[in-house]
1. When only alpha-carbon atoms count, how far does the stretch 11-64 stretch along each of its three principal axes, as whole angstroms with the largest first?
2. Please report how far the C-alpha centroid of the stretch 1-68 lies from that of the stretch 231-250, rounded to the nearest whole angstrom.
3. Under a plain spin-label model, where a point goes 7 Å from the Cα along Cα-to-Cβ, how far apart in nm are residue 177 and residue 97?
4. Based on DSSP H runs of at least 4 residues, each adding -39500 (n - 2.57), what is the mean residue ellipticity at 222 nm of the chain after dividing by all its residues, to the nearest 500 deg cm²/dmol?
5. Distances longer than 24 Å among the Cα atoms of the stretch 91-191: what percent of all pairs is that?
6. Give a residue-ordered list of calculated ³J(HN,Hα) values for the stretch 203-220 (Karplus: 6.51 cos²θ - 1.76 cosθ + 1.60, θ = phi - 60°; whole Hz; x for Gly, Pro).
7. Given a cut-off of under 8 Å on Cα pairs at least six residues apart, what relative contact order in percent is computed for the stretch 106-250?
8. Quick one: plug the Kirkwood hydrodynamic radius of the stretch 12-134 (C-alpha pairs) into Stokes-Einstein at 37 °C, 0.692 mPa s, and report D in µm²/s.
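Please treat every number below as a calculation from the coordinates, not as lab data. Since the model is a prediction, treat every value here as computed from it, not as a measurement. Virtual Cβ from ideal backbone geometry, glycine too; neighbours counted across all protein chains shown.
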Amino acid sequence: MTDKPENTTHFGFETVPEGEKAGRVQGVFSSVASKYDIMNDVMSVGIHRVWKDAMMDWLAPRPGQRLLDVAGGTGDISFRFLKRAGHGHSTVLDITESMLVEGRKRAEAERMSDSLDWVVGDAMALPFESNTFDVYTISFGIRNVTRPQEALNEAYRVLKPGGRLMVLEFSQLPNPMMQAAYDAYSFNVIPQMGQLIAGDRDSYQYLVESIRNFPDQDTFLDMVRKAGFGNAKYRNLSLGIAALHSGWKL
């Protein structure tokens, strides 16, 4: 009698046992935490800010709403949400504590401290009661989750009836030539930037590889629907370099 083989998953272009991925992802983000926000600006030439603003435009936060910002890192989405809402509450959850530590250092975090919680936790096993939050966001984080479908299932569980899911993630360009040009930039430039700015080429090599392994827009839309969300749809950003997926717990 043989032991049942362990399931595997992607870590960039490497195939690893599922049990190893979370720890390795923590290692990546612990390594880059102190330079994460600077690298986001450099890698995207600031366009990530436009994408996050587009996310808020579609989300249209309302006063008094309670947000769960999963893989919330240094708080970018939560800060935007609370500013748009006027007043409300956000729980920033991330598996990597050092990312949350960096977020707490930001000036916005101090100004909004009464409206923010910072929680270390796993997207696949959220430490919250069912039907708790009005809004669930995950921005450039779900591709790092070991089993993204489980994260979507958990999102559905913790949202209140009528709650909103919104996922911002890198995606696929519809034109093969454009995709090839973008890949050339990603694989040749971004790891070098990571080395120069963060002193860490390998982590940024993983991050660009993880983008290529993530499902395309329609495949991920099917996953959102499978988790139970209704009125699910997506919008491409910058021709599909990133995409916003939205769904409702109806």
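1. Largest first, the stretch 11-64 extends 41, 28, 21 Å along its Cα principal axes.
2. Centre-to-centre (Cα) distance: 17 Å.
3. Taking the simple label geometry, residue 177 and residue 97 are separated by 5.2 nm.
4. Numbers: 10 runs with 112 residues, N = 250.
Taking each H run of at least 4 residues, the total per residue is -13500 deg cm²/dmol.
5. Percentage above 24 Å: 39.
6. Values, residue by residue: 5, 6, 5, 4, 4, 6, 5, 5, 5, 5, 8, 7, x, 6, 4, 6, 5, 5 Hz.
7. 27 percent.
8. Approximately 213 µm²/s, per Stokes-Einstein.
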